[in-house]
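Colleague: Can you keep this structure in mind? I'll have questions shortly.
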Amino acid sequence: MEAYFDNAATTAVFPEVRELVLKLMEADYGNPSSLHMKGVDAGAYIKTAKEIIAKELKAEPKEIIFTSGGTESNNMALIGAAMANRRAGNKIVTTSVEHASVSSCMKFLSESGYEVVSIGTDKSGIVDVEALLNEVDDNTIIVSVMYVNNEIGSIMPIEEIARLIKEKNPKVLFHVDAIQAFGKLRIYPKRLGIDLMSISGHKLHGPKGVGVLYIKNGTKIKPIIYGGGQQNGMRSGTENVPGIAGLGLAVRLIYDTLDDRMAHIRSLKERLVNGLADIENVFYHAGDAPHIASFSFVGVRSEVMLHALEEKNIYVSSGSACSSNKNSVSSVLTAIKLPKEQLESTLRFSFSEDNTEEQIDYAIGVIKELLPVLRRYVRKK
């Protein structure tokens, strides 16, 4: 049996999405900037995808900008908004558990002269809202908080944060990295007080290499990519029409049956948590996201356990898939102050609707079989 539990890293595309992407590559391959019918047809696919995504966000199509993925969306939001609002202030507030595509932007902005303040979290990965609010002042131009943490699945109180920071400084732009949230939760940016929001296609059964930045109408932001002026000048470059169309279809398929999909995924997570609960020195790091479960298998290093599971065709992660330095200590697990023995032994299981109860039971059985053997081996060494 094969059990793929790394869906927070990437998902398999829906069969319908695969067929649509192939059709656009083979038949409807026109450049949407071309004036002939091939170009017009390509442009129609982009228009349809914008309308689908805007509908699910209760937004306007013109507020949807297509990007190459979540990393570019986060870069465009943070660097573009910082550049556009520099005269209004130079302070940016974020959290200590952000994805590398946000934290690396923050490092760049700090080196570029902006004041960047990172706020800590509690042991469950929820940001200290009071401490965050205390850092918001007249000089603050951006607050950036992720919606769902990609490593432990904690869900931030986005609506509360938006309300409090806007009460204190209505001019602050609120950016949300929703890459692990969109496709799992119903998200309406205007209702929540979000000005900028990042989405990635391959986290929700769409193609890799495509994402979205929601930009609330009237938000002051500069492009960071210049060229032919596509997408109203916000993101130049020939649009990835197969990817965009595939993402639009994936979003429609996900949200048409979201409640049933998430109920299934949550039941799988609960089955795994309950199945591992009676194993000594296995610690579950509780996060409310339906699709992410994080465990520390104390006594066995993460990479050892990961590869032992891989040999049994069980695929999990030892942290964020986007880190180029796979041996680095997780900034998220460090931020939530895990003890050293848990820090070094944590694995992430992440689920999709393709997973089954049989796969969960198989994984539980394998873990119960492997763990004592691996622990004895470590002690002998």
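The values are calculated or read from the model by the stated rules, or taken from the named source; none is laboratory data. Remember, predicted model here, so these are calculated numbers, not experimental data. Here the Cβ is made from the backbone with ideal geometry for all residues, glycine too, and neighbour counts use every protein chain on show. Calculation scope for accessible area: heavy atoms of the full protein, side chains included, ligands and nucleic acids excluded. Shrake-Rupley method; radii C 1.70, N 1.55, O 1.52, S 1.80 Å.
Colleague: As I understand it, the value is the acute angle between the Cα axis of helix 37-57 and the longest principal axis of the Cα atoms of the chain; what does it come to in degrees, rounded to 10?
Modeller: 60 degrees
Colleague: Taking chymotrypsin sites (Phe, Trp or Tyr not before Pro) as exposed when DSSP calls them loop (any state but H, G, I, E, B) and at most 13 other Cβ atoms lie within 10 Å, what is the longest stretch of the chain free of them, the sites themselves excluded? Don't skip to the answer; put the middle values down first.
Modeller: Numbers: sites that count: Y29, Y226.
After excluding every exposed loop site, the longest remaining stretch is 30-225.
Colleague: If you don't mind, there's one more thing I want to ask. Extending each Cα 7 Å along its Cβ direction at N217 and K55, get the distance between those two points in nm, one decimal.
Modeller: Going by the 7 Å Cα→Cβ label model, 1.9 nm.
Colleague: Now a separate question. By its C-alpha gyration tensor, with a ≥ b ≥ c as the square roots of the eigenvalues, how is the range 64-166 shaped: rounded for a/c under 1.5, else prolate for a/b larger than b/c, else oblate?
Modeller: Oblate is the answer for the range 64-166, as a/c is 1.5 or above yet b/c matches or exceeds a/b.
Colleague: Evaluate Rg over Rh across the range 4-122, taking Cα atoms for both radii and Kirkwood's formula for Rh. Kindly include the intermediate steps, with their values, before the conclusion.
Modeller: Working: Rg = 19.1 Å, Rh = 17.7 Å.
Dividing the radius of gyration by the Kirkwood radius yields 1.08.
Colleague: Identify the residues of the range 25-67 with backbone N under 18 Å of a label point that sits 7 angstrom from the Cα of T238 along the Cα-to-Cβ direction, or state none.
Modeller: Under cut-off, by backbone N: 25-47, 66-67.
Colleague: To continue, here is another question. Measuring with a 1.4 Å probe in the full set of protein chains, what accessible area per residue, in whole Å², belongs to the chain? If you can, show how the numbers build up before the last one.
Modeller: Working: 16660 Å² over 381 residues.
Accessible area per residue, the chain: 44 Å².
Colleague: Any idea what diffusion coefficient the range 161-251 gets from Stokes-Einstein, in µm²/s, Kirkwood Rh on alpha carbon pairs, 10 °C, 1.306 mPa s?
Modeller: Details: Rh = 14.5 Å.
Taking Rh from Cα pairs, D becomes 109 µm²/s.
Colleague: Say we join alpha carbon atoms closer than 10 Å with springs in a Gaussian network model of the chain; which of P290, P339, P61 then has the biggest fluctuation?
Modeller: P339
Colleague: What's the magnitude of the charge dipole for the chain around its Cα centre, counting Lys and Arg as +1 and Asp and Glu as -1 at the beta-carbon? Answer in Debye, nearest 20.
Modeller: Its charge dipole is roughly 780 debye.
Colleague: So, one more: What share of Cα pairs, in percent, lie more than 22 angstrom apart in the range 211-291? Intermediate results must be reported in sequence, preceding the final value.
Modeller: On the way: 1824 of 3240 pairs.
Tail of the P(r) past 22 Å holds 56 percent of the pairs.
Colleague: Of H307, H291, H175, which is the most mobile in a GNM of the chain whose springs link Cα atoms less than 10 angstrom apart?
Modeller: H307
Colleague: Treating only the Cα positions of the range 223-339 as identical point scatterers, give the base-10 log of I(q)/I(0) from the Debye formula at each q in 0.13, 0.16, 0.20, 0.23 Å⁻¹.
Modeller: At q = 0.13, 0.16, 0.20, 0.23 Å⁻¹ the computed log10 ratios are -0.81, -1.00, -1.17, -1.32.
Colleague: Quick one: divide the alpha-carbon radius of gyration of the range 23-76 by 2.2 N^0.38 Å and tell me what you get.
Modeller: Numbers: Rg = 12.9 Å, N = 54, 2.2 N^0.38 = 10.0 Å.
Rg over 2.2 N^0.38 Å, computed on Cα atoms: 1.29.
Colleague: Do the sum for the chain: with -39,500 (n - 2.57) for every DSSP H run of n ≥ 4, divided by all residues, what is the mean residue ellipticity at 222 nm, to the nearest 500 deg cm²/dmol?
Modeller: On the way: 13 runs with 159 residues, N = 381.
Taken over the chain, the calculation gives -13000 deg cm²/dmol.
Colleague: So between R191 and R266, what do we pick up on full extension, going 0.36 nm a residue minus the alpha carbon distance?
Modeller: Working: separation 75, 0.36 × 75 = 27.00 nm, distance 2.55 nm.
Here the segment from R191 to R266 would lengthen by 24.5 nm.
Colleague: Now for a separate question. Hey, could you pull the Cα Rg and Dmax for the chain, both in Å?
Modeller: Just the Cα atoms of the chain yield Rg and Dmax of 21.4, 72 Å.
Colleague: While we're looking at this one, here's another question. Taking the mean number of other Cβ atoms within 10 Å as a proxy for protection, how do you rank 117-130, 30-43 from highest to lowest? Please report the intermediate quantities before stating the final value.
Modeller: On the way: 117-130: 17.1, 30-43: 14.6.
The densest-packed peptide leads the list: 117-130, 30-43.
Colleague: Determine the gain in length on full extension of the stretch D259-L22; use 0.36 nm per residue of separation and subtract their C-alpha separation, reporting nm with one decimal.
Modeller: On the way: separation 237, 0.36 × 237 = 85.32 nm, distance 2.90 nm.
Value of the extension gain: 82.4 nm.
Colleague: Sorted by accessible area with a 1.4 angstrom probe, largest first, how do L247, L185 fall?
Modeller: On the way: L247 0, L185 40 Å².
Order by accessible area, largest first: L185, L247.
Colleague: Taking only the alpha carbons of the range 94-143, what extent do you get along each of the three principal axes, in Å, biggest first?
Modeller: Cα extents, longest axis first: 32, 27, 11 Å.
Colleague: For the range 254-309, take N as its residue count and report Rg(C-alpha) divided by 2.2 N^0.38 Å.
Modeller: Cα-based Rg divided by the globular estimate yields 1.36.
Colleague: With every protein chain left in place, what is the accessible area of S317 in Å² (1.4 Å probe, nearest 10)?
Modeller: Rounded to the nearest 10, that gives 10 Å².
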